[in-house]
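Report on one structure; see the data block that follows.
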Amino acid sequence: MERISSLEYLKLNKFQKFLYGLKRFFLSIPSWFAGLFKGIGNFFVKLFTSIKNEIVDVCTTFVKGDYKTKASFLIMGFGNIARGQILRGVLFLAFEVVFIFYMITTGGYWLSKLPTLGTQGPHEVYDDFLDTYVMKYYDNSFKILLYGILTILFIIAFIYTWRLNVKQNKIAEQILATGKPLKSGKDDLRSLVDDQFHKTLLALPLTGIIVFTALPILFMILIAFTNYDANHNGYSNALFTWVGLDNFRQLITWTSGSSNFAATFGEILTWTLIWAFFATFSNYFLGVLVAIMINKKGIKFKKVWRTILVMTIAVPQFISLLYVSKMFSTSGIINGWLMSHGWVTQEGIIRFWEDPTLARVMVIVINIWIGIPYLMLISTGILMNIPADLYESAKIDGANSYQQFMKITLPYMLFVTGPYLLTSFTGNINNFNVIYLLTGGGPTNQAYTTSGGSAGYTDLLITWLFKITTQDSNYKLAAVIGIAVFVVCAVISVVVYNVLPSMKNEEDFQ
């Protein structure tokens, strides 16, 4: 499909413009994926090129370096100590000593067990002293996997440090060749609180990210390739082992048996995306509308209205959502009030949380009550920054209020809040609080329960993951679902991020 000129596009009516844009979107999908795969290919090309360059540089440094540099390839820090940089040399040497000691004492053991995750599980042995059989515990698959990952990360850190040690020797040789003195230990310490202070500040947070974020994510990903569950907990009953892609096949393969996880996954994924769409855009447009109404000239008590709305987010969700859940229960205040006025009978009470369709509508509506205040506050700040002369010019040209909103307010809002919409959408995919505190994922769907664990009509992927972890102890499937949630969020984020006006036309509102 050929791209038409701007003049031809302006001659189209609204419906033709919509069809043209829709065609352009679908026709651009193949080229977008081609660009994506090309980008991935370029990344790996650059990666392998960088590795090759590093290897060449290491070999060149060894061949051309003096004996101090060559010795540093085996004894880290030797060259620094020999050249008078005692502090650097001692730190490099200490790291090497700690690494070798760890690998000899425990690291090698964990690495040797990692391919099998243990070979000897718990079993009963005869105790001569007690004259009875007692349970003896041997390998622990959980510890083997955890400490195996830590050992691999430690090896990577050692390789990086060793490479830094080689590079330091090369730089030191080049500096001495020019006749300049090398930095002393005092200079290094002074640098850590001066020009290298950013590294000093980031050292602790970076360590925290690796230990408390990267390591658990990596551990969770690897669990997806094992049979870790209630029957194979790795220590007290049976060891868990590597099973390859079996868990992924179980999640996406449609079967006719009682363990059809694919059916449950498809239903919950569909509802998750529907929920995220309505939860995001209903809050967004209604929040913008409320902000416009409050900011409109002539509206009195603006601060009062804003305060009333903000009060809904001042109360913790744990309290407000649980209270609302009780209000709409079969024996709650709402049904009680309706019965007291004769609008419903005891037999005809409204079962807000027991009817699947009504429960889904209720969680979306209640989420609007929670989300509008956030958007109102964000929109208020943005609306105050839209130049007033744009509206004055529009009025002179004869634009009505609707046209001003569609041509000025909404484009400006979408431009500024585009990234927020994206993060809000992905956040709603993982919105655990609203669903769990209101319905607990219910009402229960018997088809889901028999095929894919204890799941309900309002369960999202994140709440389903929580249930199969805490109720069914199916950790392997939970890990697969966690990966699936990441893939869904990543794909949506990448696609939407590249079509946002904020990213494509950054100069339009500058």
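The values are calculated or read from the model by the stated rules, or taken from the named source; none is laboratory data. All values reported here derive from a predicted model rather than from experimental measurement. Here the Cβ positions follow ideal geometry from the backbone for every residue, glycine too, while neighbour counts run over all protein chains shown. Only protein heavy atoms, including side chains, enter the accessible area calculation; ligands, DNA and RNA are left aside. Shrake-Rupley method; radii C 1.70, N 1.55, O 1.52, S 1.80 Å.
Think of each Lys and Arg Cβ as +1 and each Asp and Glu Cβ as -1; about the Cα centre, that makes the dipole of the stretch 35-164 roughly 1080 debye.
Leu338 to Gln317: FRET efficiency via 1/(1 + (r/R0)^6), r the Cβ-Cβ distance, R0 25 Å, to the nearest 0.05? Calculated value: 0.45.
The stretch 326-398 gives an Rg/Rh value of 1.34, both radii derived from C-alpha positions and Rh following Kirkwood. Normalised by 2.2 N^0.38 Å, where N is the number of residues, the C-alpha radius of gyration of the stretch 67-165 stands at 1.63. Normalised by the number of residues in the chain, the mean separation of alpha-carbon contacts (under 8 Å, six or more apart) gives a relative contact order of 14 percent. Computed with a 1.4 Å probe over protein heavy atoms only, the accessible surface of the chain comes to 60 Å² per residue.
Once the C-beta distance of Ser31 and Lys407 is scaled by a Förster radius of 35 Å, the resulting FRET efficiency is 0.70 to the nearest 0.05.
Lysine pairs in the stretch 30-118 whose alpha-carbon atoms fall under 22 angstrom of each other, counting only those eight or more residues apart or on distinct chains, come to 4.
The modelled label-to-label distance for the pair Gln446/Leu153, using points 7 Å beyond Cα in the direction of Cβ, is 4.7 nm. Could you tell me the calculated FRET efficiency between Trp369 and Phe219, based on Cβ-Cβ distance and R0 = 35 angstrom, to the nearest 0.05? Calculated value: 0.40. Inter-label distance, Tyr137 to Tyr9: 6.6 nm, where each label sits 7 Å from its Cα along the C-beta direction.
Rounded to the nearest 10 degrees, the angle from helix 461-470 to the longest Cα principal axis of the chain is 60 degrees. Couplings for the stretch 401-413, taken from phi via the Karplus curve 6.51 cos²θ - 1.76 cosθ + 1.60 with θ = phi - 60°, read 5, 5, 5, 5, 5, 6, 9, 10, 5, 5, x, 5, 5 Hz in order; Gly and Pro are left as x. For the chain, the longest principal axis of the alpha carbon atoms and the long axis of helix 317-327 meet at an angle near 40°. For the chain, the longest stretch holding no chymotrypsin sites (Phe, Trp or Tyr not before Pro) located in a DSSP loop with at most 15 other Cβ atoms within 10 Å is which? My reading of the result: 344-508 is the longest stretch. For the chain, the longest principal axis of the C-alpha atoms and the axis of helix 302-314 are separated by about 50°. Loop-located trypsin sites (Lys or Arg not before Pro) across the stretch 265-361 with a Cβ neighbour count of 12 or fewer within 10 Å are Lys296, Lys297, Lys300, with loop assigned by DSSP. The distance separating the Cα centre of the stretch 265-318 from that of the stretch 15-67 comes to 40 Å.
Each residue of the stretch 80-88 was assigned a 3J(HN,Hα) from its phi angle through the Karplus expression (A = 6.51, B = -1.76, C = 1.60, θ = phi - 60°), giving 5, 5, 5, 9, x, 8, 5, 4, 4 Hz with x at Gly and Pro.
Per the Kirkwood formula applied to alpha carbons, the chain shows a radius of gyration over Rh ratio, Rg over Rh, of 1.06. For the chain, with all protein chains present and a 1.4 Å probe, just round the carbon and sulfur fraction of the accessible area to a whole percent. That share works out to 69 percent.
Net length available on complete extension from Leu111 to Gln16 is 27.9 nm, with 0.36 nm assigned per residue and the Cα-Cα distance removed. Extension gain for Ser191-Tyr160 works out to 9.0 nm (0.36 nm per residue, less the C-alpha to C-alpha distance). Amide H contacts of Thr226 (H built 1.01 Å from N, in plane; Pro and chain starts excluded): Val243 sit under 5 Å, all sequence-distant by 5 or more or on other chains.
Accessible surface comparison of Ile408, Ile156, probe 1.4 Å, protein chains only, largest first: the order is Ile156, Ile408.
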